[in-house]
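These notes concern the structure reproduced below.
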Amino acid sequence: MNRRRFLRTAAALPLLQGPLTTLASAQDAYPTRNITMIVPFPAGGQADLAARPVAAALEQILGKPVIVDNRAGGGGGSVGNAQAARAVPDGYTLLMTLSSLAVLPEADRLFDRPVAYEVTQFAPIARVLADPTLLAVPASAPWRTLQDLIDDARKRPGEIPYGSSGPYGTLHVAMEMFASSAGIKLLHVPFRGAGPALTALLGGTVQALAAAPGTLKPQVDDGRLRVLANWGAARVPSFPDVPTFIELGYKDVEMYIWAGLFGQQAMPASVMKRLREAMAKATASPEVVKPLAAVGSVVAYQDAPEFAQFMQADSARLIAAVKRIGRVE
């Protein structure tokens, strides 16, 4: 290199280093502005239940506003999930979502639809909840036990309507898993999220719903709903008298509505580290533990590595269930 070219290159170095230094400093200082936490469902469901106290706790820990943004649509949360997947991977757009995150791309492939996003676009940060799903019916319904519902459904195939958060969402897969195992046919009525589906159940538009304990407990306590069965491996402490499907002889009927926080896979390692540390503090704080416990949900925190392992195993089971159920409306 001749002397003139060397001097030109040396003179440019501060200009080249400036933006890189600024970017590194911005990452080290994260966050410097508001953070958006996308919830791909309307208010009132499991993801929203987890998001609101977590966002409030993170705001205190990180020192910047964390704004919950409910972006429902597309069935099962696909629209909000896809928007989060496409966001700039800088830690300022996070996603609080459910187990349907892994199911929906497989459902798109099952129906030969364009895949809205891939799970590989996301990086798990922390699991917040992992509640067993519960089967609820109106308190005025004639079914006192699960067997009562099954017997009635066998007499009236395809006539008993149940609600869900959208096609192939968590609540839909749970109900179809049960119906397939019991050999019955129910009528699927999809809504934009668990909140609207619960409203429909309370209003009599549908007659059954799979939902999380925290979503159902206030309505059960008020005498408006009855819970017939539990998709978990063990009974739920807040519903100790409700038997599991496994207890009732349905060995392959197991489902959990977990809620977890995600960022984008390309997010800087320093930002991921900051968020993991913040989530460990947030999920242990009274600001998160108390409001969730009040509605019967226990914090089930897992850090990123454990959450990734849990999600891989859970997703494999759910995807296998979807393929077994096949194309349903």
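The values are calculated or read from the model by the stated rules, or taken from the named source; none is laboratory data. Note that the structure is a prediction, hence the values are computed from the model and not measured. No Cβ is skipped: glycine too gets one built from the backbone with ideal geometry, and neighbour counts run over all protein chains shown.
So which of Arg127, Arg154 is among the charged types (D, E, K, R) and within 16 Å of the chain's Cα centre (by Cα)? Show your work before the answer.
On the way: Arg154 fails: within 16 Å of the chain's Cα centre (by Cα).
Sole residue among the options that is among the charged types (D, E, K, R) and within 16 Å of the chain's Cα centre (by Cα): Arg127.
Name every residue in segment 256-301 that is farther than 21 Å from Thr120 by Cα and not in a helix (DSSP H, G or I), in order of residue number. Tyr256, Ser285, Val295, Gly296, Ser297, Val298, Val299, Ala300, Tyr301, listed by residue number. Contact map, segment 30-43: first residue closer than 15 Å to Ile61 by Cα, second residue of a type in the set (A, V, I, L, M) and at pLDDT below 95, Cβ cut-off under 8 Å, separation 6 or more or different chains; pairs are Thr32/Ala26. When Ile38, Ile67 are checked against the criterion of being buried (at least 19 other Cβ atoms within 10 Å of the Cβ), touching a strand residue (DSSP E or B) at 6+ places or on another chain (Cβ under 6 Å), in the same structural domain as Pro286 (by TED's automatic domain parsing) and part of a strand (DSSP E or B), a single residue qualifies: Ile38. One residue stands out among those in segment 201-226 that are surrounded by fewer than 19 Cβ atoms within 10 Å (Cβ to Cβ) and of a type outside the set (D, E, K, R): the one that is farthest from Gly166 (Cα to Cα), which is Gly223. Of all the listed residues (Gly91, Gly73), the sole one being farther than 30 Å from Pro240 by Cα and either surrounded by fewer than 19 Cβ atoms within 10 Å (Cβ to Cβ) or of a type in the set (Ser, Thr, Tyr) (or both) is Gly73.
If the condition is being closer than 18 Å to Pro138 by Cβ, assigned to a helix (DSSP H, G or I) and in contact with a strand residue (DSSP E or B) (Cβ under 9 Å, 6 or more places away or on another chain), then segment 200-216 contributes Ala200, Leu201, Leu202, Pro213, Thr215, Leu216. All of (1) part of a helix (DSSP H, G or I); (2) at positive phi hold for Tyr168 with one exception: (1). Consider segment 149-195 and keep the residues that are touching a residue at least 12 places away in the same chain (Cβ under 8 Å) and among the acidic types (Asp, Glu). The one that is surrounded by the fewest Cβ atoms within 10 Å (Cβ to Cβ) is Glu159. Residues that are in a strand (DSSP E or B) and either modelled with pLDDT of 95 or more or within 21 Å of Ala85 (Cα to Cα) (or both) within segment 130-149 comprise Leu134, Leu135, Ala136, Val137, Pro138, listed in sequence order. Here Ser238, Ser181 are screened, and the one residue that is of a type in the set (S, T, N, Q), touching a Phe, Trp or Tyr at 6+ places or on another chain (Cβ under 8 Å) and modelled with pLDDT under 95 is Ser181.
Starting from residues that are in a helix (DSSP H, G or I) and among the charged types (D, E, K, R), keep the ones in segment 98-122 and report whichever is surrounded by the most Cβ atoms within 10 Å (Cβ to Cβ).
Here the residue is Glu106.
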